[in-house]
There are 2 protein chains.
Amino acid sequence: MIPRRKHNVSSGSLPAPDDKHASNDYILSDGTNCEGWRTALRRRFNRKTLNKRLPVTAWLPQYNMEKAVGDLIAGITVGLTVIPQSLAYSNIAGLPPQYGLYGSFLGCFVYIVLGGCRAVPAGPTAIASLLTWQIANGVIEKAILLTFLAGLVELLMGVLGLGFLINFVSGPVSSGFTSAVALMIATSQVKDLFAITVTGNTFLQQWISVFRNIHTATLWDPVLGFACIGLLLLMRKIGMIKLGTKSEDGPNTRQKAFNKCMWLLGTCRNAIVVVVGGVLGYWFVSTHGASPVRLMGAIPSGVPVPQLPPFSYVRGDNTTVDFLDMVSELGSGILVIPLIVLLEDIAICKAFSDGGTIDATQEMIALGVANIANSFMQAYPGGGSLARSVVCNGSGVKTTFNGLYTGLMVILALQFFTQYFEFIPKAVLAAVIISAIIFMVEYNVIKPMWRAKKLDLIPGVGTFVLCLTLPLELGILTGVVVNIIFILYHAARPKFSVEMLKSASGVEYLMVTPDRCLMFPSVDYVRRLVTKFASGSSVPVVLECTHIYSADYTAAKSIEQLTADFHARRQPLYFYNVKPSVCSIFEAVAKPEHFVVFYEDEELDRLLAEDERLQPRKTPAAEP
Amino acid sequence: MIPRRKHNVSSGSLPAPDDKHASNDYILSDGTNCEGWRTALRRRFNRKTLNKRLPVTAWLPQYNMEKAVGDLIAGITVGLTVIPQSLAYSNIAGLPPQYGLYGSFLGCFVYIVLGGCRAVPAGPTAIASLLTWQIANGVIEKAILLTFLAGLVELLMGVLGLGFLINFVSGPVSSGFTSAVALMIATSQVKDLFAITVTGNTFLQQWISVFRNIHTATLWDPVLGFACIGLLLLMRKIGMIKLGTKSEDGPNTRQKAFNKCMWLLGTCRNAIVVVVGGVLGYWFVSTHGASPVRLMGAIPSGVPVPQLPPFSYVRGDNTTVDFLDMVSELGSGILVIPLIVLLEDIAICKAFSDGGTIDATQEMIALGVANIANSFMQAYPGGGSLARSVVCNGSGVKTTFNGLYTGLMVILALQFFTQYFEFIPKAVLAAVIISAIIFMVEYNVIKPMWRAKKLDLIPGVGTFVLCLTLPLELGILTGVVVNIIFILYHAARPKFSVEMLKSASGVEYLMVTPDRCLMFPSVDYVRRLVTKFASGSSVPVVLECTHIYSADYTAAKSIEQLTADFHARRQPLYFYNVKPSVCSIFEAVAKPEHFVVFYEDEELDRLLAEDERLQPRKTPAAEP
């Protein structure tokens, strides 16, 4: 039994309880007190903060040859992934292909200095591309301004420490959202796969349109597309082959070399397929004068000249749309893009953190500055992409410095290779996207979710369905709200254990133990239940407050009413093991002669023995 | 020390822990299981349910002479309060005075049968009147339809058990709202007090208008008004006089009689002042032919003939407004009125429950049916009013039967006395409202709130200010949302206690104790902090889960990552005293060989002794 110590509130200040499991105060203050502010200020100006806010200062002094080699290999491998990905993603965003490349170098350079996670090459992502399409509808000027504003918002959120907001997106909601986005992106590529026209905005409309227009499909586009998908999935499988891992002393040198080759084949599969497709397209055009499959078409070459993001533009009907009109057209997208991009980025950082902690604030700042810089290169919004990070981590990346090589490769591609990109068949790029995106459909979380907590399937599946039927931001918002209602229900409905116990001197009493904090949504429920338990008999009631870690004014008012009710019924009510912080809240409102706290068993004995209400043993009755 | 028992999750099912303070499951299920439904069904058809749903069946069999006398006195006294109140409140609602009386009898009769709280005479209330004015803008047809729809919504909420929603209105928010409403109602009466024209919708606009038009005020209206306010406040004080209560054997017979007279004077002060005012007005008109103060004017006499509430009406510009247009004009008011009326009603029930429990569901049903019935009498929305309940309770009410006498008095007044009401000066009614309403400004909660929890002043004062500046429903909604953010912050930021302990065999370990549940908003924070505490040293870490009463899938994923991280760092991590319900959630996701749970001290010793990671005593390092 826990040692108990008596404390009658009317007698003065509380002794510090000595039982560590029950009633000690917790050491982490929430930073609202004066001391916290002073510490926070001091923290702002030391070396640790510098390393935190400029992560380059942490790893550059220890940079060596081994790390440089790791970064070089990783950077080049990622470059080979980024180039075809960027071309394909700009198609999702409804923009010309070069805009994907425009967003794939300057952001990388910024991330070297500011980024906290070595495996994140900043650039266009599938989700951000889809959101850009939904928000900017393929208007280049709006997409670029969106990059600038989203960057500003990210930076602001970082400075204001609002990164915690993404904690309110739970695992199920995040899985539902990602899965829905994956399906929508795959759907958006069907038109290129079959070379047909697809209309409609929602998932359902698009599939209806696909089945209506499928008869207009050419033969060779789907043949090439599906062949590429098959090839890409095969190469992905091949890339996972690991010889000799099952033998006792691990793979030998030959097996290791073979494994490395297979891994390279798997990693560079996108680049290989795109190059082969491009060569095929070039061969068709140069020998037959035309291609049986649709090609990407001319892409302007050269790195863009840095220029201000467009703060106005001229519409098709020759009217000028000014800055405020653009902002109102972008609407909530200015907030949604930063939050979703950060959500994806933090998920990646967590996956590759090797148990380290992740600084969400620093990530917001890094991505914010990267996006602002990108907007001067006419890029559309981007962030970290899981596909690239897997490659990056697998290539033995050491620091964020690998971004330099990736960025340089993109610049080289823009400067010298854009003329060759025009021969890449559209169906090949569609195949690249589809064969990557289908692995983002997280059907495999359903089983553990079912086993762990079936209720969590509601926000998960709900978000998935809503994201497919409503605009994405509305879908995820509804999921988050539903999940928050779970939290509120938890706060409103504590559980109780009720036991009839006997004190050392043989007096029976009822021990009622609520299992969580007393905050306003639950106080009436608690009061009602305690009254219900107690009104069945006239024995003294002990309210066990060990688990009540927090309370508020509404709770204090309710406790006051409860104690007054018990007093009127002449039924004793004692409070056991109330935490000092909670006790002071109750004391401020309740009448001291009604509110009796004790901390030790013996004290309960004394209280029960002394209580005059228990002496005549009369039945409880309301006072006249 | 709490007895601990070891349990390794990989070994199979959990033994039921025997320590009642720590890890037992709580006995009250939330009613979602099958057994709960069956019990609920059975409960639906027994005597207790009948008494609950038709409270008249509970008290009528025990009705006796003593109770009848108590109810008679209370009913008549309340009637003397209700009549002047109803005339005055309809002015707040912007409707002709008789509409207040129309809502003061049929609802009372309904409440006799269905009502659960004896001290609630259903009728017009100050808050509902102000809301009716804000929603219906003085259009009689809209106000009556609002009564009907609000009644339907109340009934529906009762049947669906949505009464718990008002738990989310905390004490501070409720106080802020009530105080703001009181000030706004007082402001609305200033025009009658000075007999001036006041324009503007918000609190500020109205006061600006008052100061602009104050020079047009007549002399006698404010003189009469302020005299009445002074008189009413004086009579209120006199009513509180209690002679002889300080003497040892209580007041003697003469003192008791005096006290009773004083109490009657205080209780009937509104009726007395209104009657005196009416006589004064009548005298002026009959002797001078006109009155120096503004009078109420003619009031149609007679009880209204029951008729359907208006489902369409003809506007001033001769266009017909149909049902759907009316509903869309009433808008959110159809939901706001029921919630606010219920909020006020439950607060009153709590104040006069004498420690009994309150059935919010039954109250919603009773008020719903009462309002639907009232809508057939052309009344505007109402509910329980604190002022009447204080009188009712003070008059020795015994059952809800007192409503019969109150209702009959209102019918008598409508039938025979309306011709005399026209001589009541408007300033007198304004004085009646103002001198009652100023006591609803709850400035006295600020001090205990400040002492109990300063943070609660934010929603309290915030709601007060917002209700004065925004439409009332927006003001209270914002207050509720701000307060819900507190709950979410609580869920997102648990506190920790961290201690370096030594096991019986002398091995040091770090004990980390979070103080509340693990739900999605907090899991990342917990993981980051545990990692931070642990990474400082290589000692084993024990996560004390006594206070973790609940978890979800996101938490389980985070625990899986945490255990995998510790495994990668070769640092042992054990879980102590995990509740079975939480344990099964974690087990569904985490790898069993990483997730080790124990319940007893000795088992920790054995775990520490057996752990091979602790044998070579090497510094923790990430695996290659």
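Rule-based calculations on the coordinates, nothing more; no lab input. Nothing here was measured: the structure is a model prediction, and the numbers come from that model. All Cβ positions, glycine included, derive from the backbone under ideal geometry; neighbour counts span all protein chains shown.
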- Message: As I understand it, the dipole of the protein assembly as shown uses +1 on the Cβ of Lys and Arg and -1 on the Cβ of Asp and Glu, about the Cα centre. Which of A:512, A:440, A:412 lies farthest toward its positive end?
- Response: A:512
- Message: Defining the label point at 7 Å along Cα→Cβ, can you sort the distances from residue A:312 to the same site in each other copy, shortest first, in nm?
- Response: 5.0
- What are the nm distances, shortest first, from residue A:568 to its equivalents in the other copies, labels at 7 Å along Cα→Cβ? 6.1
- Message: Is there a quick way to get the dipole size of chain B? I mean about its Cα centre, with the Cβ of Lys and Arg at +1 and of Asp and Glu at -1; what is the value in debye to the nearest 20?
- Response: 1320 debye
- Item | Relative contact order computed over the stretch B:295-453 (Cα-Cα under 8 Å; 6+ residues apart), in percent | 42 percent
- Inter-chain Cβ neighbour average for residues B:493-499, partner chain, 10 Å: 5
- Item | Whole-Hz couplings from phi, Karplus 6.51/-1.76/1.60, listed for the stretch A:96-112; x for Gly and Pro | x, x, 5, 5, x, 5, 4, x, 10, 10, 5, x, 4, 5, 4, 5, 4
- Query: How would you order B:506-519, A:513-526 from highest to lowest mean count of nearby Cβ atoms within 10 Å?
  - Reply: A:513-526, B:506-519
- Note on the structure: Simple SL model, points at 7 angstrom along Cα→Cβ for residue A:438 and residue B:611; separation in nm is 4.4 nm
- Excluding residue A:285 itself, what net charge comes from residues whose Cβ is under 13 Å from its Cβ, given Lys and Arg +1 and Asp and Glu -1? 0
- Of A:52/B:557; A:48/B:532; A:52/A:350; A:532/B:350, those spanning more than 19 Å from alpha-carbon to alpha-carbon: A:52/B:557
- Between residue B:541 and residues 5 or more places away or on another chain, which pairs have amide H atoms under 5 Å apart, with H built 1.01 Å from N, and which residues are they? B:510, B:573, B:574
- Cross-link reach from residue A:191 to lysines, straight Cα distance under 23 Å and at least 8 residues apart if same chain, gives A:426
- Using the Karplus curve 6.51 cos²θ - 1.76 cosθ + 1.60 with θ = phi - 60°, work out ³J(HN,Hα) for each residue of the stretch A:330-339 in order, rounded to whole Hz, and write x for Gly and Pro. 5, x, 5, x, 5, 9, 5, 4, x, 5
- Spelling it out for residue B:125: with amide H atoms placed in the peptide plane at 1.01 Å from N, the residues 5 or more places away or on another chain with amide H under 5 Å from its amide H are B:383
- Query: Roughly how crowded by other chains is peptide B:554-562, in terms of the mean Cβ count from those chains within 10 Å of each of its Cβ atoms?
  - Reply: 5
- Exercise: per-residue mean of other protein chain Cβ atoms within 10 Å, B:531-541: 1
- Would you please give the FRET efficiency between residue B:54 and residue A:156, computed as 1/(1 + (r/R0)^6) with r the Cβ-Cβ distance and R0 = 56 Å, to the nearest 0.05? 0.40
- Query: Using the Karplus equation 6.51 cos²θ - 1.76 cosθ + 1.60 (θ = phi - 60°), what ³J(HN,Hα) coupling, rounded to whole Hz, does each residue of the stretch B:224-229 give in order, writing x for Gly and Pro?
  - Reply: 4, x, 5, 4, 5, 4
- For the stretch B:64-117 and the stretch B:157-221, distance of Cα centres in Å: 23 Å
- Could you name the lysines in cross-link range of residue A:246, using Cα to Cα under 25 Å and dropping any fewer than eight places away on the same chain? A:237, A:256, A:260, B:591
- Message: Label position 7 Å from Cα toward Cβ: report the copy-to-copy distances for residue B:451 in nm, one decimal, ordered from shortest.
- Response: 5.5
- Row for the stretch A:340-406, column shape: gyration tensor on C-alpha, a ≥ b ≥ c, rounded if a/c < 1.5 i.e. under 1.5, prolate if a/b over b/c, else oblate; value oblate
- Label the stretch B:63-469 by shape, choosing from rounded, prolate and oblate, from the square roots a ≥ b ≥ c of the eigenvalues of the Cα gyration tensor; if a/c is under 1.5 it is rounded, and otherwise prolate applies when a/b is larger than b/c, oblate when it is not. rounded
- Task: Pull out the extension gain between residue A:323 and residue A:257, defined as 0.36 nm times the separation in residues minus the alpha carbon to alpha carbon distance; nm, one decimal.
- Result: 18.1 nm
- Message: Give the residue list of trypsin sites (Lys or Arg not before Pro) in the stretch B:198-275 that are DSSP loop and have at most 16 other beta-carbon atoms within 10 angstrom.
- Response: B:242, B:246
- Query: With charges only on Cβ, +1 for K and R and -1 for D and E, what is the dipole size of the stretch B:125-236 about its Cα centre, in debye, rounded to 20?
  - Reply: 180 debye
- Note on the structure: Per its Cα gyration tensor (rounded if a/c is under 1.5, else prolate when a/b beats b/c, else oblate), the stretch A:137-220 is best filed as oblate
- What angle, in degrees between 0 and 90 and rounded to the nearest 10, separates the Cα long axis of helix A:360-375 from the longest principal axis of the Cα atoms of chain A? 30 degrees
- Per-residue [θ]222 nm for chain A (sum of -39500 (n - 2.57) over DSSP H runs n ≥ 4, rounded to 500): -18000 deg cm²/dmol
- Message: Just want to confirm a number: the relative contact order over chain A, from Cα pairs under 8 angstrom separated by 6+ residues, in percent.
- Response: 25 percent
- Query: Taking the mean number of other Cβ atoms within 10 Å as a proxy for protection, how do you rank A:97-107, B:132-142, A:50-60 from highest to lowest?
  - Reply: A:97-107, B:132-142, A:50-60
- Message: Name the residue from B:225, B:82, B:291 whose Cα lies farthest towards the positive end of the charge dipole of the stretch B:63-469, charges +1 on Cβ of Lys and Arg and -1 on Cβ of Asp and Glu.
- Response: B:225
- Message: Suppose R0 equals 25 Å. What FRET efficiency, 1/(1 + (r/R0)^6) with r the Cβ-Cβ distance, do residue B:305 and residue B:283 give to the nearest 0.05?
- Response: 0.15
- Query: By a straight-distance test (C-alpha under 17 Å), which lysines pair with residue A:579 as possible cross-link partners, with residues fewer than eight away in the same chain excluded?
  - Reply: A:6, A:20, B:453, B:495
- Query: Long-range amide H contacts for residue A:442: which residues qualify at under 5 Å (H placed 1.01 Å from N, peptide plane, sequence gap of 5 or more or a different chain)?
  - Reply: A:179
